[in-house]
Protein chains: 2
Amino acid sequence: MDPLFNDAWPSGFAAPARYALFGGGKRVRPALCVAAYQAVAPDPQALGQVLPAAAALELVHTYSLVHDDLPAMDDDDERRGRPTVHIAYDEPTAILAGDALLTEAFRVLAVQEHWSSASKAALIGRLATAAGYHGMIGGQVADINGVQTLEDLTRLHRGKTGALIQASCWMGAVCGGADAIHLAALDAYGAAVGLAFQLADDLLDEEEDAEEGGPPSFVKLLGAEETRRRAVELCDEAIGLAQQLERPDTLTALAQFIVERKI
Amino acid sequence: MDPLFNDAWPSGFAAPARYALFGGGKRVRPALCVAAYQAVAPDPQALGQVLPAAAALELVHTYSLVHDDLPAMDDDDERRGRPTVHIAYDEPTAILAGDALLTEAFRVLAVQEHWSSASKAALIGRLATAAGYHGMIGGQVADINGVQTLEDLTRLHRGKTGALIQASCWMGAVCGGADAIHLAALDAYGAAVGLAFQLADDLLDEEEDAEEGGPPSFVKLLGAEETRRRAVELCDEAIGLAQQLERPDTLTALAQFIVERKI
């Protein structure tokens with residue numbers, strides 16, 4: 001994955017974006033995308049058919065982190081043990097690097113030669129829907145505005161975290177040429193693990209959440225035990241859906257990792 | 001053009017993006033896109049074939065203004081006689097509104113039913129290339145880094161302003177089903193008016209630029225007379241290219257407006 005090279009501008013231009021992109025991370029979205037592809041594709045080893053989609057998902061996720069870390073947003077100085085982009089460079093550079101990462105995600109999908117034009121349009125439409133007001137940005141706006149009820153919190157996280165995770169599975173399935181039934185199964189799998197991912201996140205942050213104040217979380221609204229029960233239930237649901245597919249093993253392992261992870 | 005309605009989230013979510021989008025402006029990019037379409041299309045009145053592209057271009061242009069105006073960037077409190085988005089709302093809201101406008105541009109192109117999938121992929125690829133490191137963002141980074149020579153300044157503006165203007169003409173031509181020769185003529189027309197636009201901008205800012213200090217401009221490097229001569233030359237070149245097309249009149253008028261405008 002090297003979408004940000006081959007640049008007529010001095011190569012230093014893309015350095016802040018590359019700094020953000022190649023700074024580690026779990027790569028959950030690309031992993032889900034590739035796993036969904038391999039679960040249904042006629043040739044699961046032909047990864048050239050899916051890697052551009054996996055790259056686009058990580059580009060969108062990384063842009064969202066760069067902008068989330070900005071002083072006006074979460075004001076985080078460190079991510080993954082390294083200075084955030086606006087610390088390592090400066091704030092204008094971080095804003096533009098985030099913008100460039102988002103733009104590059106759509107360019108990567110649009111210029112692939114492996115895919116039919118119909119697939120490209122479908123993949124781009126889904127990624128943009130998942131990333132925008134109907135998905136990730138919608139969830140971020142809801143987060144800024146503040147929510148109170150469990151229903152609102154669930155909707156917030158289905159947007160902020162869930163939409164892109166769900167799109168990862170759907171996009172992998174499209175790259176693999178899934179039929180309608182398998183596509184629906186992978187979409188539902190993505191919805192389940194997307195919400196489970198956030199429940200697990202809240203459990204990891206349990207100690208912080210137990211403090212007074214701070215934003216609402218599933219642990220605060222439901223308690224740790226009920227949050228864990230719901231995460232396991234969603235994981236089981238996802239594994240059940242994966243069983244409908246020809247090669248469910250990686251999806252099963254990823255669903256378990258998402259709920260049981262300690263990072 | 002109403003891409004930001006029909007929202008499962010409270011409609012207030014998209015209000016900051018709509019505030020930026022519907023705050024006036026010359027709409028040069030949509031106008032060029034529609035004029036390029038009408039110059040070549042078999043049915044120049046069938047505007048449904050081109051308006052989504054025109055909308056996407058204005059969405060990208062508007063996002064770039066919202067982010068440019070941020071305190072960390074140009075720190076502008078007013079645009080077009082109204083408070084900028086981060087003043088009317090707040091800074092996180094402005095960052096997210098810009099992100100959403102950019103995302104929405106690609107979604108609008110991806111979901112159109114009027115176009116073939118091949119056209120969608122081509123339009124999205126060109127828009128992303130024009131908006132990213134190879135175009136607009138590349139020019140913005142060069143601007144932040146500072147340039148000294150006429151060659152660097154020209155390249156900066158071919159990226160920062162020119163790439164999206166040139167893409168506007170190319171995208172309109174593609175929507176109109178232009179053949180390769182007419183597409184090349186409209187692409188070259190767009191390159192000429194894109195640079196002429198910036199020369200004219202520098203002439204409009206002539207008094208400021210005459211002051212000591214400040215960033216380099218064409219007027220500073222070439223003088224007002226030579227800058228005006230080059231703008232007129234580019235305008236003439238653009239008009240010559242437009243003459244190759246079946247209906248050149250609007251393109252001719254727009255080239256003249258771009259050079260002679262007082263706004």
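Before moving on, here are some points about what is shown:
- Looking across the stretch A:19-30, the residues that are farther than 16 Å from A:D201 by Cβ and surrounded by 21 or more Cβ atoms within 10 Å (Cβ to Cβ) come down to A:A20, A:L21, A:P30.
- Any chance B:A118 is surrounded by fewer than 20 Cβ atoms within 10 Å (Cβ to Cβ), under 23 Å from A:A130 (Cα atoms) and either in contact with a Ser or Thr (Cβ under 9 Å, 6 or more places away or on another chain) or not charged (D, E, K, R) (or both): yes
- The combined condition, being within 20 Å of the chain's Cα centre (by Cα) and either crowded, with 20+ Cβ neighbours inside 10 Å or within 14 Å of chain B (Cβ to nearest Cβ) (or both), is not fulfilled by A:A184.
- Pairs with Cβ under 9 Å, 6+ apart, first in the stretch B:170-181 and closer than 15 Å to B:Q38 by Cβ, second among the polar types (S, T, N, Q) and not in a loop (DSSP other than H, G, I, E, B): B:G172/B:Q38; B:V174/B:S119; B:C175/B:Q49; B:C175/B:S119; B:G176/B:Q38; B:G176/B:Q49; B:G177/B:Q49; B:G177/B:S119
- Residues that are within 10 Å of chain A (Cβ to nearest Cβ), in contact (Cβ under 8 Å) with a residue 40 or more places away in the chain and not charged (D, E, K, R) within the stretch B:45-78 comprise B:V60, B:Y63, B:S64, listed in sequence order.
- Criterion violated by B:V219 - all others in (1) crowded, with 19+ Cβ neighbours inside 10 Å; (2) touching a Pro at 6+ places or on another chain (Cβ under 7 Å) satisfied: (2)
- Meets criteria (within 13 Å of chain B (Cβ to nearest Cβ), buried (at least 22 other Cβ atoms within 10 Å of the Cβ) and either within 21 Å of A:A55 (Cα to Cα) or basic (K, R) (or both)) for A:L164: yes
- Restricting the search to helices (runs of 4 or more DSSP H) fully inside the stretch A:95-158 and requiring at least 2 residues that are within 8 Å of chain B (Cβ to nearest Cβ) and either aromatic (F, W, Y) or in contact with an Asp or Glu (Cβ under 9 Å, 6 or more places away or on another chain) (or both) gives A:117-131, A:136-145.
- Among the conditions (1) surrounded by 16 or more Cβ atoms within 10 Å (Cβ to Cβ); (2) in contact (Cβ under 8 Å) with a residue 40 or more places away in the chain; (3) within 24 Å of B:G12 (Cα to Cα), A:G146 misses just one, which is (1).
- Residue match in the stretch B:167-176 (condition: within 10 Å of chain A (Cβ to nearest Cβ), within 30 Å of A:A118 (Cα to Cα) and modelled with pLDDT of 95 or more): no
The values are calculated or read from the model by the stated rules, or taken from the named source; none is laboratory data. Fair warning: this is a prediction, and the values are worked out from it, not measured in the lab. Backbone-built Cβ (ideal geometry, glycine too); neighbour counts: all protein chains shown.
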